[in-house]
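Peer 1: Have a look at this one before I ask anything.
The values are calculated or read from the model by the stated rules, or taken from the named source; none is laboratory data. Just so it is clear, the model here is predicted, and its values are computed rather than measured. So basically every Cβ, Gly included, is an ideal-geometry build from the backbone, and we count neighbours across all protein chains shown.
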Amino acid sequence: MEFPSKLIENAVGELAKLPGIGRKTALRLALHLLKAETELTSSLAEALAKMRFEITYCKTCHNISDTDECTICANKLRDHALVCVVSDIRDVIAIENTGQYKGVYHVLGGVISPIEGIGPSDLHIESLLERLPNSEIKEIILAISPTMEGDTTAFYLSRKLREFEGVHVSNIARGIPVGGELEYADEITLGRSIVERQRQAR
């Protein structure tokens, strides 16, 4: 693809690095920004820079946040006795969009994957276990995508969580297909999976 300007070529090259953006789409975006009001380009650049450099993570659940405590953890109207464990921040957004869940979260930051060299110590598992003693937590929902790595992570967590008396562990119902990713599930199926979660035997 030939470009009349090196600046356009550089912009297209950077945009094409984004997931799901090919070079043709990147070119359309670049040309749109070129024609748009300068305020649009400036505000977009500023928003992206602020997001990248100023966003932080909740000290309790590891969700993205503007402060040390995310809005979900800080919300006293949420059920803090119910913790939904997910692998990724995108899963929090997907579950929140269902409108079915009123508890709080814990974001692992991935799943156990020996092939990729990711072990339990690379995830936010220890901080989850540290939340349990002397807390109001009564139930933990394992809402992890039912892939091989996801099931491995859920099994590992189940064994760890059995050590805590009075804490029930449940899995989301298998309305999510085996091998599926939570972020791609429709909101009705995902919401029903949360509501109809299955409690694990201790």
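Peer 1: Go through (1) closer than 30 Å to L15 by Cβ; (2) in a helix (DSSP H, G or I); (3) of a type outside the set (S, T, Y) and name the single condition C73 misses.
Peer 2: Going through the list (1) closer than 30 Å to L15 by Cβ; (2) in a helix (DSSP H, G or I); (3) of a type outside the set (S, T, Y), C73 breaks only (1).
Peer 1: Let me confirm something: among A47, A36, A81, A30, which residue is outside the structural domain of P133 (by TED's automatic domain parsing) and surrounded by 13 or more Cβ atoms within 10 Å (Cβ to Cβ)? Break it down stepwise before answering.
Peer 2: Numbers: A47 fails: surrounded by 13 or more Cβ atoms within 10 Å (Cβ to Cβ); A36 fails: surrounded by 13 or more Cβ atoms within 10 Å (Cβ to Cβ); A81 fails: outside the structural domain of P133 (by TED's automatic domain parsing).
Only one candidate passes the filter, namely A30.
Peer 1: Also, quick follow-up: Right, C84: modelled with pLDDT of 95 or more and out of contact with any His (no Cβ under 6 Å at 6 or more places or on another chain) or not? Reasoning before the result, please.
Peer 2: Numbers: modelled with pLDDT of 95 or more: yes; out of contact with any His (no Cβ under 6 Å at 6 or more places or on another chain): yes.
Considered against the rule, which asks whether it is modelled with pLDDT of 95 or more and out of contact with any His (no Cβ under 6 Å at 6 or more places or on another chain), C84 comes out as yes.
Peer 1: Let me ask something else. Within the stretch 85-103, can one find any residue that is not in a helix (DSSP H, G or I) and not assigned by TED's automatic domain parsing to the domain that holds P133? Before the answer, list the steps.
Peer 2: Taking the stretch 85-103 as the starting set, the residues that turn out to be not in a helix (DSSP H, G or I) are 85-88, 99-103.
Applying the additional criterion that residues be not assigned by TED's automatic domain parsing to the domain that holds P133 yields none.
No, because not a single residue in the stretch 85-103 is not in a helix (DSSP H, G or I) and not assigned by TED's automatic domain parsing to the domain that holds P133.
Peer 1: Within the stretch 62-72, track down each residue that is surrounded by fewer than 18 Cβ atoms within 10 Å (Cβ to Cβ) and not aliphatic (A, V, I, L, M).
Peer 2: D66, T67, D68, E69, T71
Peer 1: Please enumerate the residues belonging to the stretch 69-87 that are more than 18 Å from V195 (Cβ to Cβ) and either touching a Gly at 6+ places or on another chain (Cβ under 7 Å) or of a type in the set (S, T, Y) (or both).
Peer 2: Within the stretch 69-87, the subset more than 18 Å from V195 (Cβ to Cβ) is 69-77, 80, 87.
Hits for the stretch 69-87 are T71, S87.
Peer 1: Among the residues of the stretch 122-142, are any surrounded by fewer than 18 Cβ atoms within 10 Å (Cβ to Cβ), assigned by TED's automatic domain parsing to the domain that holds G166 and within 30 Å of E14 (Cα to Cα)?
Peer 2: Checking the stretch 122-142: at least one residue is surrounded by fewer than 18 Cβ atoms within 10 Å (Cβ to Cβ), assigned by TED's automatic domain parsing to the domain that holds G166 and within 30 Å of E14 (Cα to Cα).
Peer 1: Then there is this: Considering the stretch 97-125 alone, what residues qualify as being at pLDDT below 95 and either under 14 Å from the mean Cα position of the chain (by Cα) or of a type in the set (F, W, Y) (or both)?
Peer 2: N97, Y101
Peer 1: Evaluate the following for S145: is it under 22 Å from L190 (Cβ atoms), in contact (Cβ under 8 Å) with a residue 40 or more places away in the chain and part of a loop (DSSP other than H, G, I, E, B)? Write out each step before concluding.
Peer 2: Working: under 22 Å from L190 (Cβ atoms): yes; in contact (Cβ under 8 Å) with a residue 40 or more places away in the chain: yes; part of a loop (DSSP other than H, G, I, E, B): yes.
Against the criterion (under 22 Å from L190 (Cβ atoms), in contact (Cβ under 8 Å) with a residue 40 or more places away in the chain and part of a loop (DSSP other than H, G, I, E, B)), S145 qualifies.
Peer 1: Just one of the numbered conditions (1) modelled with pLDDT under 70; (2) among the basic types (K, R); (3) within 25 Å of C70 (Cα to Cα) is not true of K138; which one?
Peer 2: Only one criterion in (1) modelled with pLDDT under 70; (2) among the basic types (K, R); (3) within 25 Å of C70 (Cα to Cα) is unmet by K138, namely (1).
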